[in-house]
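The values are calculated or read from the model by the stated rules, or taken from the named source; none is laboratory data. Since this is a predicted model, take the numbers as computed values, not measurements. A quick note on method: Cβ atoms are made from the backbone with ideal geometry, for glycine too, and the neighbour counts reach across all protein chains shown. These accessible areas exclude ligands, DNA and RNA; they are computed on the full protein's heavy atoms, side chains included. Shrake-Rupley method; radii C 1.70, N 1.55, O 1.52, S 1.80 Å.
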Amino acid sequence: MIGKVFVTDYVLEKSIEKNILGDYFSEEINDEIEILLVWNQIINKDYLTQFPKLKAIVRYGVGFDKIDVNAAKEKNLLVCNTPDYAMSEVSDTALAMLLSITRGINIYDNNCRKNFNQWTSNTSIKEIKRSDQINIGVIGAGRIGSEFIKKSSMLGFNVYYFDPYIKNEIKNSKKVNKLNELLDRSDVISIHTPLTEETNAMIDESFLSQMKEGSSIINTARGKIIKSLDLIYEKMLKNQIFCVGLDVLPEEPPKQNLLINSWLNREEISSRIIINPHVSYYSVHSFEECRQKASQNALNILNGNEPINIIYDFRK
C-alpha cells in the first residue's frame, strides 16, 4: 500500500504520525498523497503541483497564513488547523513576559551587571507598580487569550479585552468595545489574535501613537501583526513605549533592524526588550499533543469521518 499522508517539514522523528496513520503514512512524496501535514512549509500553487490526488491540508499549529487560499480553492481542498493545543504554554509565556516587564526583571538584572559596586542605586524604576495598579489590555480573547486573561486576573491585574467576535463576557475582566479605548487605558498590551487581513500590520504608527504613554507590548501571536520593529524602537527611544516582549517577529529568523541591532549589541534600551525564538507553543507535552491531534484529524478524513477545526472547505 502506498502511503497517502505526507509530513512536509519540521518533524524529524515521525513515530507519532506512523503509529496513528499506519500504512497511510508515507516517508516520501508520491502521486497517491491525499493529505499534507504541514508545519512551516509555504503551501502555494507551485508546491501543490506535486500532489495530483491531494484532498486536504492539516496544519499542525494554529496559524494558517502560509497556506495560499486561492491555490487551495483551485484544487478543491479541505484545510484544517490544530488550535486546541499549547494554550497553557503560550499563555504562560505571555504571563512570564508580563511579570518580567511589570516587575522589571530584565532591567534589574542588567542594572546589577552594569552597576555591581553601586548595588542600592539599582532599585528605583518609576514604571514598577503593584499589580492591582496595572491595567492589562488583551487583544483577542479566544482560546489562548482567555487563558491569559484568567491567569493574569488571578494575579491581581486589572484586565480588559477587545475582541469583536467574542460575545460572552469573560470572568474577572471587562470587555472594551473600541480598540482605541483599550490602547488608551492599558499599561501593557498583550496580542492573541490570528494573522488575517484585518490584523496584518495592525500594530502600525496609528496603533502605537494611541497607546498609553510609557506602556508596554507583548506579542506571542503572529509576527506580521507588527508592521515594523523599527516603529517600536523609535517609540522606545522616546520612552513612549517602556518594554516589548516578542515571541514572534515580522521576519524569522530576524533581519537586521534598529530594534534587533539594539538587542544584539546590548545597547541602553536592550534590557527593555525580550525576544524568544517563536517557542511559546513548546513543551514536550504540547509538541506531542499537536502531532497526535493533527494525525488523528488526517485519519478521520481518510476514513470518511467528519474532520474537526475546518478553516476552509473547498470540496465540491
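Below is a table of values for the structure above.
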{"quantity": "Output for the stretch 41-62, where each listed residue is open to solvent by 10 Å² or more (accessible area, probe 1.4 Å) and either hydrophobic (A, V, I, L, M, F, W, C) or out of contact with any Ser or Thr (no Cβ under 8 Å at 6 or more places or on another chain) (or both)", "calculated": "Ile42, Asn44, Lys45, Asp46, Tyr47, Thr49, Gln50, Pro52, Lys53, Leu54, Lys55, Val62"}
{"quantity": "The stretch 104-119, residues that are over 23 Å from Ser131 (Cα atoms) and either at pLDDT 85 or above or assigned to a helix (DSSP H, G or I) (or both)", "calculated": "Cys112, Arg113, Lys114, Trp119"}
{"quantity": "Candidate set from the stretch 1-27 (those that are of a type in the set (Asp, Glu) and touching a residue at least 24 places away in the same chain (Cβ under 8 Å)); member that is surrounded by the most Cβ atoms within 10 Å (Cβ to Cβ)", "calculated": "Glu17"}
{"quantity": "Number of positions in the stretch 32-64 that are among the aliphatic types (A, V, I, L, M), closer than 25 Å to Ser91 by Cβ and assigned to a loop (DSSP other than H, G, I, E, B)", "calculated": "1"}
{"quantity": "Residue match in the stretch 135-152 (condition: open to solvent by 90 Å² or more (accessible area, probe 1.4 Å) and closer than 16 Å to Phe242 by Cα)", "calculated": "no"}
{"quantity": "Criterion: part of a strand (DSSP E or B), more than 15 Å from Trp39 (Cβ to Cβ) and either at pLDDT 95 or above or over 18 Å from the mean Cα position of the chain (by Cα) (or both) - qualifying residue of Ile260, Ile269, Ile274", "calculated": "Ile274"}
{"quantity": "Which listed residue, of Lys178, Lys167, is at pLDDT 95 or above, of a type in the set (Lys, Arg) and loosely packed, with under 13 Cβ neighbours inside 10 Å", "calculated": "Lys178"}
{"quantity": "Single residue of the stretch 257-310 satisfying the filter (touching a strand residue (DSSP E or B) at 6+ places or on another chain (Cβ under 6 Å) and over 21 Å from Val188 (Cα atoms)) that is most open to solvent (accessible area, probe 1.4 Å)", "calculated": "Ile310"}
{"quantity": "Single residue of the stretch 229-240 satisfying the filter (hydrophobic (A, V, I, L, M, F, W, C) and over 21 Å from the mean Cα position of the chain (by Cα)) that is least open to solvent (accessible area, probe 1.4 Å)", "calculated": "Met236"}
{"quantity": "Hits in the stretch 89-117 (condition: within 27 Å of Cys290 (Cα to Cα) and in contact (Cβ under 8 Å) with a residue 40 or more places away in the chain)", "calculated": "Glu89, Val90, Ser91, Asp92, Thr93, Ala94, Leu95, Met97, Leu98"}
{"quantity": "Filter result for Ile101 (crowded, with 21+ Cβ neighbours inside 10 Å and either among the hydroxyl-bearing types (Ser, Thr, Tyr) or in contact with a helix residue (DSSP H, G or I) (Cβ under 9 Å, 6 or more places away or on another chain) (or both))", "calculated": "yes"}
